[in-house]
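Worksheet for the structure shown next.
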Amino acid sequence: MKIRFLFLLLTVPFTVPTQAQDTRERHYYYEILEPRHEPKPKVDSFATTRIKEKLNRGLTATPATGNGVFLSWRLLESDPTDVSFHVYREANGEKERLTSAPIRTVCHFTDTLPVQSQATYYVATLDGKGEETGISEKISIEAGSLKNYRSIPLKDKEGRAGKVGVADLNGDGTYDYIIRTPASNVDPGMPGNLNGDTYQLEAYLSDGTFLWSKDLGLGIEPGIWYSPYIVYDFNGDGKAEVALKTAPKNATRNEKGRVDSGEEYLSIWDGMTGKEIARVDWPERNDRYGNLIRQNRNQIGLAFLDGKKPYILACRGTYKLMVVDAWEWDGKKLKRAWRWDGDEENPIVRSMGAHSMVCGDVDNDGRDEILLGSCMVDDNGTLLWSAGTGHPDKIYLTDIDPNRPGMEVFLCLEPFHTDGRGVCMVDAKTGEQVWNIGHNTYHIGNGMVADIDPHHPGLECFASEDKKGGSTDNYLLTAAGKYLARNEGVPPCGDWVWWDDDLLREGFRQTYSREEMIARWKAGKPGSTDIVKWKGDNVWSGIEGSILMVADLYGDWREEIVTAVRGEIRIYTTNLPASDRRITLMQDPIYRNYVAHRSMGYPQPPVPSYYLGE
């Protein structure tokens, strides 16, 4: 079998560029069609069918615009296409059906005449003949005290969450929360922490019930790259575990506040108790990664490598060597499926890592591949392709251009590029270039893909230079790589959300100035954010706190916004009517993978495997 690699040739003898050097030499393509090693065998697990999360209806209630209670619930992939719904209310000892006719085209309903006492709501499903086939979970509310968000109070009333993972810890079909505190970060390139600060992981059920808290200890420095964790049901028993990087309790830091030696582990914790139930070695340090700054770049992920169950990925390295260990957790022990060592295929994968990862089936074999940055690792732990573009700060895997078959990858490259490929799109299956920006770029530090302009097919691709590279330019291109704007008119590249009744994604705009935001932060007051259309109107106001996550956590297919304020996290949900209904985004494998990885690495908004836009 022939495998395509996109190899780098330089106009000077090849040397691995350091982060400081970037890749300032000009790049050219050269295709190697023969693999450099024998392919590894496919992995296989105990699972006979794909393990899937067991989700309930995700029924939620918020104040309606105007008067009333806005109710919203999930459409599930297991629902027949002709499923419809009735809405019921129980109050004052009476049960009442609120819908005169079945709801067929959306997954929401407004109770315009709510009772002022406590009321309980639930949704009944109907088949194509109009017969009720089941009911949802029930939710009880006080109409007068209803808010447009759910609050999860933290154990530490002065604490502030910095990361959040979502998964079902107790098996009730509702997402729960694993929170990392405090909201601080020490990067490998920053001075080390000399204060003895540590991170804590805390677990909360969806109703706010506190489960446990554990200190990660001195062996895990309080920074993103030292403390990756991910929450998911790895053995298919219906209850999620926590997989994370840990270190011995008696670990020490050197005089610079760094952990430069000692044991490091991949641990599995029981989601309900926080008890460690398995431990193996984390990929070991060595000088092939470079100096300590480069050695201490760690990530964790999950991929359905056999197409049936999630494997845990323990990863080290970004700028030089990259190593990935794939582990299967069967509920009793961890078994390593394979190790991928990027030096086996050096130099085409050196310095190709990103600050995040996403996994999905790009070659249509039913098994997930791993997008580590400018390279894709196949499900069996061999290189599928390398684009040869160097280290990207942002990577997006989705169907960007619906006029092309399959998915694409949008890359936002940190290294200086004279060949136009600093902002580019490649084919997800082959890594072949589709288009590039066509001019020099200096240090692309951020990027995003979203349909924000209905006049052009596909997702718009936007990127911004980081002033560290000497440029502050911003770019906005169509899915076909044609310029829409440069600098003026280019939207910010942060989080975006599906919130209103159309398929265009909305952005965020701070209510306060930067100086006001800093002052409010220091005073313990939450910031405030508006949801806005690109070049359009304000859609919604009053999102308080710093955004931890955007994801379709409950209700219909529109997304929730998880924020951190002092002493709590909040989960905001829309109360705007939709124009259609769609299967919950969390049942799309790539979208769910993005959400799972939000608790580690740099944040990236989730996107589904399919095109979702006007």
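The values are calculated or read from the model by the stated rules, or taken from the named source; none is laboratory data. Because the structure is predicted, anything quoted here is derived from the model rather than measured. Positions of Cβ are generated from backbone atoms using ideal geometry, with glycine treated the same way; all protein chains shown enter the neighbour counts. Each accessible area value is taken on the protein alone, full model and side chains, heavy atoms only, with ligands, DNA and RNA left out. Shrake-Rupley method; radii C 1.70, N 1.55, O 1.52, S 1.80 Å.
For the stretch 468-614, just the Cα set please: Rg and Dmax, both in angstrom.
For the stretch 468-614, the Cα-based Rg and Dmax read 16.2, 46 Å.
I'd like the FRET efficiency for Val115 and Arg509, computed as 1/(1 + (r/R0)^6) with the beta carbon distance as r and R0 of 51 Å, rounded to 0.05.
Details: r = 37 Å, r/R0 = 0.73.
With R0 = 51 Å, the Cβ-Cβ based efficiency is 0.85.
Filter the cross-link list Lys40/Lys309; Lys52/Lys320; Lys155/Lys309; Lys239/Lys320; Lys155/Lys468; Lys332/Lys394 down to pairs whose alpha-carbon distance in this structure exceeds 27 Å. Please list the in-between numbers first.
Values: Lys40/Lys309 19 Å; Lys52/Lys320 35 Å; Lys155/Lys309 34 Å; Lys239/Lys320 37 Å; Lys155/Lys468 39 Å; Lys332/Lys394 36 Å.
Pairs exceeding the cut-off: Lys52/Lys320; Lys155/Lys309; Lys239/Lys320; Lys155/Lys468; Lys332/Lys394.
What number, in nm² with one decimal, is the all-direction average of the projected area of the convex hull of the alpha-carbon atoms of the chain? Provide the component values of the computation, followed by the final result.
On the way: hull surface 111.2 nm².
The orientation-averaged projected area of the Cα hull of the chain comes to 27.8 nm².
Net charge around Tyr149, counting only other residues with Cβ within less than 11 Å of its Cβ (Lys, Arg = +1; Asp, Glu = -1)? List each step's numbers first, then the result.
Values: positive: Lys147, Arg150, Arg570; negative: Glu544, Glu560, Glu568.
My count for the surroundings of Tyr149 gives 0.
Less than 9 Å Cβ to Cβ from Gly360, Lys/Arg counted +1 and Asp/Glu -1: what total charge do the surrounding residues give?
Details: positive: none; negative: Asp361, Asp368, Glu369.
Neighbourhood net charge equals -3.
How big is the shadow of the Cα convex hull of the stretch 299-423, averaged over all directions, in nm²? Present the calculation step by step, with values, prior to reporting the outcome.
Values: hull surface 31.3 nm².
Its Cα hull, projected and averaged over all orientations, spans 7.8 nm².
Accessible area, 1.4 Å probe, largest first: how do Val449, Val490 sort?
Sorted by accessible area, descending: Val490, Val449.
Given all pairs of different Cα atoms, what value in angstroms does the Kirkwood hydrodynamic radius of the stretch 33-156 take?
Values: mean 1/r = 0.0570 Å⁻¹.
Value: 17.5 Å, from the Cα pair sum.
Which net charge results when you count Lys and Arg as +1 and Asp and Glu as -1 among the other residues whose beta-carbon is under 12 Å from that of Gly481? Mind dumping the intermediate values first?
Working: positive: Arg404, Arg421, Lys482; negative: Asp401, Glu408, Glu460.
Summing Lys and Arg as +1 and Asp and Glu as -1 gives 0.
Counting just the Cα atoms, what span does the stretch 331-394 cover along each of its three principal axes? Round to the nearest Å and put the largest first.
Answer, in whole Å and largest first: 40, 25, 20 Å.
For the stretch 157-263, what are the per-bin percents of Cα-Cα distances with bins 5 Å wide, up to the bin holding the maximum?
2, 12, 22, 21, 17, 12, 8, 4, 1, 0
Within the stretch 74-103, which residues have the backbone N less than 14 Å from the label spot 7 Å out from Asn56 along Cα→beta-carbon, could you tell me?
74
Test of understanding: what is the full-extension gain from Glu142 to Ala183, defined as 0.36 nm times their sequence separation minus their Cα-Cα distance?
On the way: separation 41, 0.36 × 41 = 14.76 nm, distance 3.27 nm.
Fully extending the segment from Glu142 to Ala183 adds 11.5 nm.
Give me the Kirkwood hydrodynamic radius of the stretch 139-220 in Å, from all C-alpha pairs, to one decimal place?
For the stretch 139-220, inverting the mean 1/r across all distinct Cα pairs yields 14.8 Å.
Against the 2.2 N^0.38 Å scaling, with N counting residues, where does the stretch 516-590 land? I'd like the Cα-based Rg ratio to two decimal places. Show your work: numbers first, answer last.
Details: Rg = 14.4 Å, N = 75, 2.2 N^0.38 = 11.3 Å.
Compactness ratio reported: 1.27.
What number does the stretch 301-370 give for Rg over Rh if you use C-alpha atoms and the Kirkwood radius? Present the calculation step by step, with values, prior to reporting the outcome.
Working: Rg = 12.7 Å, Rh = 12.9 Å.
In the stretch 301-370, Rg relative to Rh is 0.99.
What list of ³J(HN,Hα) couplings, whole Hz, do you get for the stretch 451-460 from phi and the Karplus terms 6.51, -1.76, 1.60, once you set θ to phi - 60° and write x for glycine and proline?
Calculated HN-Hα couplings, in order: 7, 10, 10, x, 7, 10, x, x, 8, 6 Hz.
Nearest 0.05, what FRET efficiency do Asp281 and Asp365 give at R0 = 45 Å with Cβ-Cβ as r? Provide the component values of the computation, followed by the final result.
Values: r = 30 Å, r/R0 = 0.67.
Computed FRET efficiency for Asp281 and Asp365: 0.90.
What percent do you get for the relative contact order of the chain when only Cα pairs under 8 Å and 6+ apart count? Working shown, then result.
On the way: 1656 pairs, mean separation 83.5, N = 614.
Normalised by residue count, the contact order of the chain is 14 percent.
Relative to the present Cα-Cα distance, how much length would full extension add between Thr198 and Glu94 at 0.36 nm per residue of separation?
On the way: separation 104, 0.36 × 104 = 37.44 nm, distance 5.25 nm.
Length gained, Thr198 through Glu94: 32.2 nm.
Which value in Å is the Kirkwood Rh of the stretch 222-266 over different Cα pairs?
Averaging 1/r across every pair of different Cα atoms and inverting gives 12.5 Å.
Below 8 Å between Cα atoms, with a sequence gap of 6+, how large is the relative contact order for the stretch 399-476 in percent? It would help to have the intermediate numbers written out before the result.
Details: 179 pairs, mean separation 19.7, N = 78.
So the answer I get is 25 percent.
Enumerate the amide H contacts of Val186 below 5 Å, restricted to partners 5 or more residues apart or on another chain; note that Pro and chain-start residues carry no placed amide H.
Gly223, Ile224
Name all residues of the stretch 412-426 having a backbone nitrogen under 11 Å from the label point set 7 Å from the Cα of Tyr483 along its Cα→Cβ direction, giving them as ranges.
What the label zone holds, given the 11 Å backbone N cut-off, is no residue at all.
If I histogram all Cα-Cα distances within the stretch 384-468 using bins 10 Å wide from 0, what percent of pairs lands in each bin?
Spelled out bin by bin, the stretch 384-468 gives 19, 52, 27, 2 percent.
Below 8 Å, C-alpha to C-alpha, sequence gap of six or more: please give me the relative contact order for the stretch 439-555 in percent. Walk me through the intermediate numbers first.
On the way: 203 pairs, mean separation 20.3, N = 117.
That works out to 17 percent.
Write down Rg/Rh for the stretch 253-358, rounded to two decimals, with Rg from the C-alpha atoms and Rh from the Kirkwood relation over Cα pairs.
On the way: Rg = 14.9 Å, Rh = 15.0 Å.
Reported Rg/Rh (Cα atoms, Kirkwood Rh): 0.99.
Note the full-extension length gain between Thr81 and Arg336 as 0.36 nm times their separation in residues minus their Cα-Cα distance, in nm to one decimal. The partial results should precede the final answer.
On the way: separation 255, 0.36 × 255 = 91.80 nm, distance 4.05 nm.
Gain in length upon complete extension: 87.7 nm.
I'd like to compare 348-359, 158-169, 118-129: which one has the highest average count of other Cβ atoms within 10 Å, and what's the full order after that?
Values: 348-359: 25.4, 158-169: 22.1, 118-129: 16.7.
Per-residue mean Cβ counts within 10 Å order the peptides as 348-359, 158-169, 118-129.
The stretch 192-240: percent of C-alpha pairs farther apart than 13 Å? It would help to have the intermediate numbers written out before the result.
On the way: 798 of 1176 pairs.
Counting every Cα pair in the stretch 192-240, those more than 13 Å apart make up 68 percent.
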